[in-house]
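One structure is given below, encoded as structure tokens.
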């Protein structure tokens, strides 16, 4: 199993600003995933973050808007840049930890005014 | 593109009832299917994982079945309790595609069990 923490747990931000979300895992993992859950919607994959390489973004998500860092095998950050109210969502990171079960962090609830 | 649908969107029942939550997916080429529970402020907790070669998995009062060829899964909750109140999410992992390990999620079933 894996224990994942995220910071911050929630934030309220002004339009046009940026927020960096941190994800820490208690074990070394190869792949980390960043998902977004908009109000009333399903979780959607933003990107996959691999240590030592550029993140791989899904269709509809771009690096300028959602830059990701992955400095080591236990940590990653996701930045939401130039925010608008449409970015109000829950952002979650997830990992596989030696099994086929995907483990999720508690999420970061972002509100953009 | 894989699409996952969950029915019903919401369910409110008295304590003690047996429940069935439904999940359907459009592409049967899956590696596995997971059922998650989502509690506010606590992220997602994996409940059951069914590999594509399996028909069902059980954990306590929970039983999940998988009919891969018809693109369906059900989560059966026996003798529901107020502590079961949460949103239940179904997710499938494709067995092919460009993003290894990604999951496709349904919108979830919001369950309320009242005493």
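The values are calculated or read from the model by the stated rules, or taken from the named source; none is laboratory data. Fair warning: this is a prediction, and the values are worked out from it, not measured in the lab. Backbone-built Cβ (ideal geometry, glycine too); neighbour counts: all protein chains shown.
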Of all residues in the range A:11-37 being over 13 Å from the mean Cα position of the chain (by Cα) and closer than 21 Å to residue A:84 by Cβ, which is nearest to the other protein chains (Cβ to nearest Cβ)? A:11
I'd like to verify a number: residues in the range B:85-108 that are in contact with a strand residue (DSSP E or B) (Cβ under 7 Å, 6 or more places away or on another chain), more than 12 Å from every other protein chain (Cβ to nearest Cβ) and touching a residue at least 60 places away in the same chain (Cβ under 8 Å), how many? 1
Residue hits (the range A:59-70; closer than 20 Å to residue A:108 by Cα, at pLDDT below 95 and surrounded by fewer than 19 Cβ atoms within 10 Å (Cβ to Cβ)) are A:69
Would you confirm whether any residue within the range A:77-96 is in a loop (DSSP other than H, G, I, E, B) and within 25 Å of residue A:1 (Cβ to Cβ)? no
Does the range B:10-20 contain any residue that is out of contact with any helix residue (DSSP H, G or I) (no Cβ under 6 Å at 6 or more places or on another chain), within 16 Å of residue B:105 (Cβ to Cβ) and in contact (Cβ under 8 Å) with a residue 40 or more places away in the chain? no
What number of residues within the range A:76-98 satisfy the criterion of being in contact with a strand residue (DSSP E or B) (Cβ under 8 Å, 6 or more places away or on another chain), modelled with pLDDT under 95 and surrounded by fewer than 16 Cβ atoms within 10 Å (Cβ to Cβ)? 0
Hits in the range B:56-74 - residues which are in contact with a strand residue (DSSP E or B) (Cβ under 7 Å, 6 or more places away or on another chain), farther than 11 Å from residue B:33 by Cα and surrounded by fewer than 16 Cβ atoms within 10 Å (Cβ to Cβ): B:59, B:61
Can you name the residue in the range B:1-39 that is under 14 Å from residue B:83 (Cβ atoms) and within 14 Å of another protein chain (Cβ to nearest Cβ) and is also surrounded by the most Cβ atoms within 10 Å (Cβ to Cβ) among such residues? B:37
